Amino acid sequence: MSHLDYIRTVEEAFKKLGINPKDAQSPIQGAWIFKRGSATIRVMLNSSPSSEGDQRTLSMMAYIMPIPRKQQKDFFRRLLEMNSSFVNERFEIFDNEIYVTASRYLDGLSSDEVVAIMTEIS
């Protein structure tokens, strides 16, 4: 499938969630930002180099909170424990903030799978 086909797949997922994909579209092709409940979710189609050539992926992320100043050891232990209960999602740190993220290779991606990941992230 081409990059445009994957854009259509993601846009179809937005429609299934009752979201107009044009309302979520970012100025960057293959990127969207939308709110679902209290979560602001970023969706991106990426291409990453690997030993087997470029790997195309779908990535989603939602901000959770800043890293707490106190009891960090307990906090990070809890995040790692929670990570083990996820299938596609995980907690990550970016710029001293905690995000819940998900990534998947694009090969074989369906709009139903995108809907499931969007639902889990939100």
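The values are calculated or read from the model by the stated rules, or taken from the named source; none is laboratory data. The structure presented is a predicted model; accordingly, all values stated were derived computationally and were not measured. Here the Cβ is made from the backbone with ideal geometry for all residues, glycine too, and neighbour counts use every protein chain on show. Only protein heavy atoms, including side chains, enter the accessible area calculation; ligands, DNA and RNA are left aside. Shrake-Rupley method; radii C 1.70, N 1.55, O 1.52, S 1.80 Å.
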Query raised in the report: Which net charge results when you count Lys and Arg as +1 and Asp and Glu as -1 among the other residues whose beta-carbon is under 13 Å from that of VAL10?
Result: +2
Report task. Run the dipole for the chain about the Cα centre, Lys and Arg Cβ at +1, Asp and Glu Cβ at -1, nothing else charged, and hand back the magnitude in debye, nearest 20. Result -> 520
Query - Unit charges on C-beta of K, R, D, E only; dipole of region 26-72, Debye - result: 420
Query - Degrees, to the nearest 10: 3-16 long Cα axis against longest axis of the chain - result: 70
Report task. May I ask which residue of ASN88, TYR105, ILE33 lies farthest towards the positive end of the charge dipole of the chain, with charges of +1 (Lys, Arg) and -1 (Asp, Glu) on Cβ and the Cα centre as origin? Result -> ILE33
Report task. Would you mind listing how long region 51-98 runs along its three principal axes, going by Cα atoms, in whole Å with the largest first? Result -> 42, 24, 20
Query raised in the report: If you line up the long axis of helix 111-121 against the longest principal axis of the chain, both from Cα atoms, how many degrees apart are they, to the nearest 10?
Result: 20
Query raised in the report: Out of ALA13, ILE117, GLN71, whose Cα points farthest toward the positive end of the dipole of the chain (charges: +1 Lys, Arg; -1 Asp, Glu; placed on Cβ)?
Result: GLN71
Query raised in the report: Taking the chain as a Gaussian network, where each spring joins two C-alpha atoms under 10 Å apart, which residue of GLN72, GLN25, GLN55 fluctuates the most?
Result: GLN72
**Report entry** Of ILE64, ILE19, ILE28, the one that fluctuates the most in a GNM where the chain has Cα springs shorter than 10 Å
**Finding:** ILE28
Report task. Report the net charge of residues surrounding SER59, where surrounding means a beta-carbon distance below 10 angstrom and charges are Lys +1, Arg +1, Asp -1, Glu -1. Result -> +2
**Report entry** Given charges at beta-carbon only (K, R positive; D, E negative), |dipole| of region 56-122 in Debye
**Finding:** 380
Query raised in the report: Mind listing the phi-derived Karplus ³J(HN,Hα) values for region 93-108, rounded to whole Hz, using 6.51, -1.76 and 1.60 with θ = phi - 60°, and x for any glycine or proline?
Result: 10, 9, 6, 6, 10, 9, 10, 9, 10, 8, 9, 7, 5, 6, 3, x
Requested in this report: Would you compute, from DSSP H runs of 4+ residues alone, the mean residue ellipticity of the chain at 222 nm, taking -39500 (n - 2.57) per run and dividing by the full residue count, rounded to the nearest 500?
Outcome: -10000 deg cm²/dmol
Query raised in the report: What percent of all Cα-Cα pairs in region 1-71 falls in each 10 Å bin, counting up from 0?
Result: 17, 44, 24, 13, 2
Query - Listed residues ARG56, ARG77, ARG42, most fluctuating in the chain (Gaussian network, C-alpha, under 10 Å) - result: ARG77
**Report entry** With all protein chains modelled, accessible area of ASP112 [1.4 Å, Å²]
**Finding:** 100
**Report entry** Listed values [x] 31; [y] 51; [z] 35, entry calculated as percent of Cα pairs over 23 Å apart
**Finding:** [z]
**Report entry** Between region 15-49 and region 90-122, the Cα center-to-center distance that results, in Å
**Finding:** 11
